[in-house]
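The values are calculated or read from the model by the stated rules, or taken from the named source; none is laboratory data. The structure displayed is predicted, hence computed values, not measured ones. A quick note on method: Cβ atoms are made from the backbone with ideal geometry, for glycine too, and the neighbour counts reach across all protein chains shown. With ligands, DNA and RNA removed, areas are computed over all heavy atoms of the protein, side chains included. Shrake-Rupley method; radii C 1.70, N 1.55, O 1.52, S 1.80 Å.
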Amino acid sequence: MTWRVLICFALMLTAGAAQAACFADYKAKRDGPLRLHYGVAEVTGPCSPGNAQAELAPRLAADGWTLLSVVSVFDASELTEKEENAGEFFLRY
């Protein structure tokens, strides 16, 4: 019986690790003087705009940025095409 419980637990752990990576592209600003940037960040948890906003706002705020909007959420298949536009803010936050 103990082995069955351990096997089930191990399967649950590996299933969580197998979830696809989630990324979000966003727009942020910093005042004094006004600076704007577009960036791409990895998001954990549900791959939704609401979750991305909840995760990114404090990350950006810790460095003096204010999240303006989450443009979209996407998987790793779209990551390469967004890298050039994000520049120095690609996977920075």
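For the range 42-65, a residue qualifies if it is β-branched (Val, Ile, Thr) and surrounded by 14 or more Cβ atoms within 10 Å (Cβ to Cβ), and exactly one does: VAL43. Considered as a group, the residues in the range 66-93 that are at pLDDT 95 or above and of a type in the set (Val, Ile, Thr) include one that is surrounded by the most Cβ atoms within 10 Å (Cβ to Cβ), and that residue is VAL70.
For the range 25-41, name all the residues that are among the hydroxyl-bearing types (Ser, Thr, Tyr) and either farther than 16 Å from PHE90 by Cα or buried (at least 17 other Cβ atoms within 10 Å of the Cβ) (or both). Correct list: TYR26 only. Restricting the first member to the range 54-75 and to residues that are within 11 Å of ALA28 (Cα to Cα) and of a type in the set (A, V, I, L, M, F, W, C), and the second to residues that are open to solvent by 70 Å² or more (accessible area, probe 1.4 Å) and in a helix (DSSP H, G or I), the beta-carbon pairs closer than 7 Å and six or more apart or on different chains are LEU67/GLN53; VAL70/PRO49; VAL70/GLN53.
In the range 42-69, which residue that is β-branched (Val, Ile, Thr) and farther than 12 Å from TYR93 by Cβ is nearest to the chain's Cα centre (by Cα)? The extreme case among them is THR44.
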